[in-house]
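Please treat every number below as a calculation from the coordinates, not as lab data. The model shown is predicted, which means the values in this text are computed figures rather than measured ones. Note that each Cβ is placed from the backbone with ideal geometry, even for glycine, and that neighbours are counted across all protein chains shown.
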Amino acid sequence: GSTIGILGGGQLGRMIALEGKKMGYRFITLDPAKDCPGSQAADRHIVAGFDDLEAARILAEETDLITYEFENVDDKVVRSLESSAFLPQGGELLRITRHRIREKQALEKAGVPVAPYRVVKERTDLIDGGRSLGYPCVLKTATGGYDGKGQWVFQSEEEAAAFDQFHPHQEYVLEQWIPFEKEISVIAARSTLGEVKTYPPAWNIHRRQILHQSIVPAPVDDPTLKQAEQLAEKVAESLDVAGLIAVEMFLLKDGTLLVNELAPRPHNSGHYTYDACLTSQFEQHIRALCGLPLGSTRLLSPVAMVNILGEDVERVMKEMVHYPPEVKVHWYGKSESRPGRKMGHLTVLGSSPEEVMDLLKGVNTELK
Ligand code: ATP
Ligand code: MG
Ligand code: MG
């Protein structure tokens with residue numbers, strides 16, 4: 001069997017390895033943390049930073065194919081892997097999706113609608129941008145942000161003018177605040193052979209800008225579901241994606257869909273596929289990269305996925321023995337728990353969306 005290398009050993013790397021091992025692959029993870037979630041599922045783990053060229057060289061030597069579970073890999077490492085290893089996703093996809101401005105420009109070029117935005121480097125850009133976009137608006141660092149980190153919402157020019165955290169080597173994007181009706185996401189898979197498949201859109205509910213739960217099927221009309229899947233397909237084709245691309249969207253009252261951001265990997269909002277689809281997003285990622293036919297994305301059952309954050313762990317531990325059998329708990333094997341840290345998730349499977357909602361009330365109202 002072949003050996004797959006994963007840059008990153010978080011929960012995504014863990015679940016890729018768990019699914020891939022069922023398919024007969026070996027896994028080597030690379031991550032600075034020794035006992036990370038991915039390392040527990042992998043056959044071998046290399047403790048190294050994502051800027052460690054020597055470690056990347058060893059990973060390349062010992063594997064047949066390399067993928068990544070997050071975007072912040074040092075560009076030197078990406079370039080060296082592109083030339084010395086088999087990185088089917090390519091470096092370009094990574095360079096685009098880890099930089100919000102490049103990502104928005106690529107989307108616009110593909111004819112995919114995004115929220116109105118301005119590039120911001122300094123104070124005057126922010127003030128000018130705020131005047132043309134209007135308030136409220138949200139400033140985001142171009143790189144490095146996740147779970148709402150590196151974002152500031154301004155309600156007025158006074159608030160924007162008081163912002164003094166500009167970092168000289170950082171670029172920012174200022175976005176119009178979108179009063180969306182719902183947030184949805186679609187995960188598309190595109191194989192190295194060019195085959196494309198999309199998963200059913202998820203309705204995503206955030207709390208404090210962290211994904212809290214995803215509900216599938218998303219309670220929106222069929223034409224919108226179809227349009228969302230087509231948009232994701234278009235993104236996958238135009239960015240020449242290999243593997244998965246998660247497409248986060250805002251659905252407006254009038255039915256318009258705007259793309260918020262992309263992730264070129266398995267995505268939190270696709271965890272529902274693990275229990276509720278014929279092929280999980282993790283298996284699909286591997287299939288797409290290994291040139292296998294893509295698996296069916298058919299939804300087997302209505303489902304809700306709920307994230308378990310650090311502050312929820314104690315309660316879930318205590319109550320999970322009483323959960324009904326339709327609820328499945330997934331732990332990521334993280335030894336250290338912090339508020340806001342993703343420690344696991346649960347999926348609630350019902351025979352109808354109504355049943356999912358009923359079951360969810362039983363387990364979820366307690367999750368803060
Ligand atoms: P992720 O953890 O998904 O990578 P992130 O930190 O990269 O998140 P975004 O997805 O850009 O950040 O924003 C986080 C959340 O903040 C969004 O899911 C949405 O709820 C809200 N948000 C972001 N930008 C806007 C906007 N322009 N208008 C309205 N809400 C927004
Ligand atoms: Mg993001
Ligand atoms: Mg997001």
| remark: Scalar couplings 3J(HN,Hα) for region 319-336 by Karplus 6.51 cos²θ - 1.76 cosθ + 1.60 (θ = phi - 60°), nearest whole Hz, x for Gly and Pro, are 8, 5, 5, 9, 5, x, x, 7, 9, 10, 9, 10, 9, 9, x, 8, 7, 9
| GluC sites (Glu not before Pro) within region 44-151: DSSP coil, no more than 11 neighbouring Cβ in 10 Å | Glu122
| query | For the chain, with the dipole built from +1 on Lys and Arg beta-carbon atoms and -1 on Asp and Glu ones, taken about the Cα centre, which of Val259, Ala218, Phe27 lies farthest toward the positive end? | reply | Phe27
| query | How big is the equivalent ellipsoid of the chain along its three axes, where each semi-axis is √(5λ) from the Cα gyration tensor, reported in whole Å from largest to smallest? | reply | 30, 27, 21
| query | Given charges of +1 on the Cβ of Lys and Arg and -1 on the Cβ of Asp and Glu, with all other atoms neutral, how large is the dipole of the chain about its Cα centre, in debye to the nearest 20? | reply | 340
| said: Students often forget the sequence filter, so: which lysines lie under 16 Å Cα-Cα from Lys140 once same-chain residues fewer than 8 apart are removed? | reply: Lys104, Lys121, Lys149
| task | Based on alpha-carbon positions alone, could you give the equivalent ellipsoid semi-axes of region 163-227 from the gyration tensor, as √(5λ), descending, whole Å? | result | 30, 20, 12
| field | Binned Cα-Cα distances of region 94-211, short to long, each 5 Å bin given as a whole percent | value | 2, 10, 17, 21, 21, 14, 8, 4, 3, 1, 0
| note | Lys and Arg at +1, Asp and Glu at -1: neighbours of Val73 with Cβ under 12 Å from its Cβ sum to -3
| said: Would you report the distance distribution of C-alpha pairs in region 202-268 as whole percents per 10 angstrom bin, up to the bin with the largest distance? | reply: 18, 53, 28, 1
| task | Along each of the three principal axes of the Cα atoms of region 150-272, give the extent in whole Å, ordering the values from largest to smallest. | result | 49, 33, 24
| With each run of n ≥ 4 DSSP H residues scored as -39500 (n - 2.57), what mean residue ellipticity at 222 nm is computed for the chain after dividing by its residue count and rounding to the nearest 500 deg cm²/dmol? | -9500 deg cm²/dmol
| Debye sum, Cα scatterers, region 3-87, no solvent: what log₁₀ I/I(0) at q = 0.13, 0.25 1/Å? | -0.32, -1.22
| said: With +1 assigned to the C-beta of every Lys and Arg and -1 to the C-beta of every Asp and Glu, and no other charges, what is the dipole magnitude of region 45-122 about the Cα centre in debye, to the nearest 20? | reply: 640
| In straight Cα distance, which lysines are under 28 Å from Lys318, not counting same-chain residues fewer than 8 positions off? | Lys328, Lys334, Lys342, Lys361, Lys368
| Kirkwood Rh over Cα pairs of region 151-193 into Stokes-Einstein at 37 °C, 0.692 mPa s: D in µm²/s? | 227
| note | Quick note, region 182-364: a/c under 1.5 would make it rounded; otherwise a/b > b/c is prolate and the rest oblate (a ≥ b ≥ c, C-alpha gyration tensor); here it is prolate
| Calculated log₁₀ intensity ratio I(q)/I(0) where the Debye formula runs over C-alpha points of region 96-161, q = 0.14, 0.19, 0.27 Å⁻¹ | -0.43, -0.79, -1.26
